[in-house]
Each structure stands twice: as structure tokens, then as C-alpha cells.
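The numbers here are math on the coordinates, done by the rules we state, and not lab data. If you're wondering where the values come from, they're calculated on a predicted model, not measured in any experiment. A quick note on method: Cβ atoms are made from the backbone with ideal geometry, for glycine too, and the neighbour counts reach across all protein chains shown.
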Amino acid sequence: MNVREWPQQGSFIPSYDEAEPFLIFIDKYVKLAVGGHFIAKWMKMNRNKTLLDKLTSSDIAYTILICENSKEVWDEEIHIKLTSKSKDEVKKASRTAKPKYHKGRGQRFKRYEDGWTTEGVTYYKELCMIFQCLKNHVAWNQVIVHWHTYKKKHHETFYVPEEEFPNKNEDGDELLHDDQWALEDEEEPVHINEPPSDINNHYDGGNDHRFKRAKTGGSTIFMA
């Protein structure tokens with residue numbers, strides 16, 4: 001939450017300790033919301049750039065929106081799985097939690113409607129503006145410096161060059177670890193329930209790209 005306030009603090013320069021939680025969020029959530037496999041391919045073709053060069057303010061904003069939208073639903077599901085003794089009990093458990101900014105699954109929407117509430121759309125736009133301001137602020141330059149330190153500290157997140165990558169499929173593409181989300185069989189996958197077209201425009205000019213949908217084990221991640 002403090003990251004959102006950095007652009008309002010003049011020439012504020014974050015220390016590594018102040019930036020690390022944000023870098024973890026970028027690495028463990030935003031990257032995977034866009035698509036781990038998609039990012040890996042981009043990194044392979046842009047070896048002189050970093051993940052922070054690829055991710056846009058709208059990528060960050062959308063990931064925050066999804067996490068805050070679904071947190072109560074996820075918490076309830078985790079509680080049910082931890083307290084249930086069988087798969088049948090999990091299936092029959094009562095679920096009362098609702099998404100915060102979305103009308104939820106199992107409802108009929110009008111044509112061209114995606115289910116996002118007016119509050120959710122407004123919040124998304126605000127987040128896009130906040131993180132675009134951050135990317136234009138001097139603090140972002142220091143975040144990039146801290147990113148290199150973060151990679152050294154959390155070496156398991158390194159993007160290994162193709163010739164050094166230990167896991168390859170028959171076509172030569174990288175295979176991600178089990179704890180990473182990957183896109184499957186789609187050149188231009190998009191988020192399910194993405195915000196309406198009037199806010200589906202990125203705020204990063206030349207870095208414009210459509211929202212990506214992440215999958216793991218055949219299941220869609222971040223379905224609102």
C-alpha cells in the first residue's frame with residue numbers, strides 16, 4: 001500500500017527493504033497474472049531488458065484488482081479445504097463469500113457486459129493512474145536498481161538464457177517449474193471477465209498489450 005504513496009512524496013527514493021515487498025508482488029503475482037510462459041518467451045527475445053521493462057501500469061493495476069476482488073472467496077475456499085475430510089465434503093460445503101468488484105460466476109449478463117461493477121471499473125482506472133505516475137517518478141529508477149538486487153537475493157527467480165535452461169520440450173521452448181503459472185495453446189490469451197473495452201486500454205503507450213490469462217494444471221487462474 002505504501003508504494004502507491006511514493007509519487008506524492010516529492011523526490012522520495014525507496015530503500016531496498018522498502019521496495020522488496022513490492023518486488024515480491026511483481027515477481028510472484030503480476031508476472032504470473034500476465035503469464036509465466038508468455039513472460040519467459042519475451043525475456044528470451046529481450047535479453048538486455050528486465051521484467052520491469054515488460055510489465056505495464058495496467059498489468060499491476062489489474063493484478064491488484066483481481067486479488068482484492070477475490071480475496072474473501074479464496075480465503076473461504078482455503079478454509080473449506082482445510083476443515084473438510086473428503087472431496088465430497090468440500091463439494092457440498094456452503095459458500096457465502098462474494099467477489100468485491102464483480103457480480104460473480106453463474107449469473108446471466110447482458111450482451112457485451114462482463115460483470116465488473118462500476119466501483120470496480122473506477123478503482124481499476126485509479127490504480128492505472130497511480131502506477132503510471134510511479135513509473136514516471138524518480139522512485140521507479142531506484143526500483144529498477146533494487147530489482148537486480150532482488151534477483152541476486154532470490155536466485156530461484158532468475159530468467160535463465162535458452163542455452164542454459166535445463167528443461168526444454170521437443171520444440172525447444174522452456175518448461176516452467178510446477179509452482180509457476182503458464183499459458184497453454186494460446187497465442188493471444190486474455191483474462192476472463194476483463195474490464196470493459198472503455199478501460200481495456202493500457203496506459204503505457206508503446207508497451208500496449210492485451211490482458212493475459214494465466215493457467216496452472218488446466219485450471220484458469222484469477223477467474224473473477
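What is the distance in Å between the Cα centres of the range 66-142 and the range 1-52?
Distance between centres, Cα-based: 21 Å.
Beyond a 18 Å Cα-Cα separation, which of these cross-linked pairs lie in this structure: LYS71/LYS98; LYS31/LYS98; LYS54/LYS125; LYS49/LYS135?
LYS31/LYS98; LYS54/LYS125
Quickly rank 125-136, 44-55 as a protection proxy: mean count of other C-beta atoms within 10 Å, highest first.
Descending mean neighbour count gives 125-136, 44-55.
What share of all Cα pairs of the range 6-97, in percent, falls into each consecutive 5 Å distance bin?
P(r) for the range 6-97, in whole percents per bin: 2, 11, 15, 15, 14, 13, 12, 8, 6, 3, 1, 0.
Between ASP53 and SER94, what FRET efficiency follows from the Cβ-Cβ distance if R0 is 41 Å, with the result rounded to 0.05?
About 0.35, to the nearest 0.05.
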